[in-house]
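Quick notes on the structure that follows.
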Amino acid sequence: MNEIEYYNSDGSLREVGEIVIDLHTAGYHCSETLIRALWPHLLSDRKLDETILKMTSTLHGGMAESMSSHCGGLTIGILLIGAMYGRSDLNGDARFDSALARGYWQRFLNDFGTSNCTALKQGDFLGGTPSRCTYIMVRSARILVEYLNELKQNPVEKEELYYWRVDRTKEPCHEQISPLKPAEEIKAELRKKQEEQKNLNA
């Protein structure tokens, strides 16, 4: 993570949205960007190691670059909640982290209306970031940080949390959305065309 500045000159951690923009501009996908940007904000006392970076890299592009399922802005947030509050053995609470994750999921849907990658990318882009995808990442990172800070400041009783649900009744069915072509596929096709043109001109 050395290529990106995470701290201000006074030693304070930079705002998460600013870090997201820098990481995405540098070439990282959504899941790669968000795990790197959010980790120092939420888990600064733990090491973000190579295994975690590799595991989460497959979540970009609507899960495994399918463009047809959940956005990395949602899935990385849920994984980070698990890292913070999940159990590590059978003695832990099997319901608490999932309840918190459902709360974040609902916040995500309240803001975006869907978690489907293709549907999100086809939404209106009002500027303020380099791309629609960058905007989604910035917004989802801020939603997660705000949500978790609110829970720390105003804790909710566990018995209430356990019954939090995700209302997806207004969300378009993921299976009925025709997925966009993955970004890496587009890049690969462009490279192939450029190579073919280069060979023709040789």
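Derivation of every value follows stated rules applied to the coordinates shown; laboratory data play no part. In this text the structure is predicted, and so the values were computed from the model without any measurement. Quick reminder, even Gly has a Cβ in these numbers, built from the backbone with ideal geometry, and neighbours come from all protein chains shown.
Observations
- Full-extension gain in nm, residue 47 to residue 64, via 0.36 nm per residue minus C-alpha separation: 3.7 nm
- Of the residues 69, 140, 88, the one that moves most in a GNM of the chain with alpha-carbon contacts below 10 Å is 88.
- Pairwise centroid distance, computed over Cα atoms, of region 98-144 with region 63-97, Å: 16
- Beyond 27 Å in Cα-Cα separation lie the following of the pairs 47/152; 54/181; 47/170; 121/192; 121/187: 47/170.
- Ranked packing of 93-101, 33-41, 179-187, 153-161, most packed first, by mean Cβ within 10 Å: 33-41, 93-101, 179-187, 153-161
- Using θ = phi - 60° in the Karplus curve 6.51 cos²θ - 1.76 cosθ + 1.60, the 3J(HN,Hα) couplings for region 22-29 round to 5, 5, 5, 5, 6, x, 6, 6 Hz; x is entered for Gly and Pro.
- Value of [θ]222 nm, deg cm²/dmol, for the chain, DSSP H segments ≥ 4, -39500 (n - 2.57) each, nearest 500: -17500 deg cm²/dmol
- Max mean-square fluctuation residue, GNM over the chain, Cα-Cα springs under 10 Å, options 59, 90, 126: 90
- Value of relative contact order over the chain, rounded to a whole percent, pairs C-alpha under 8 Å and six or more apart: 23
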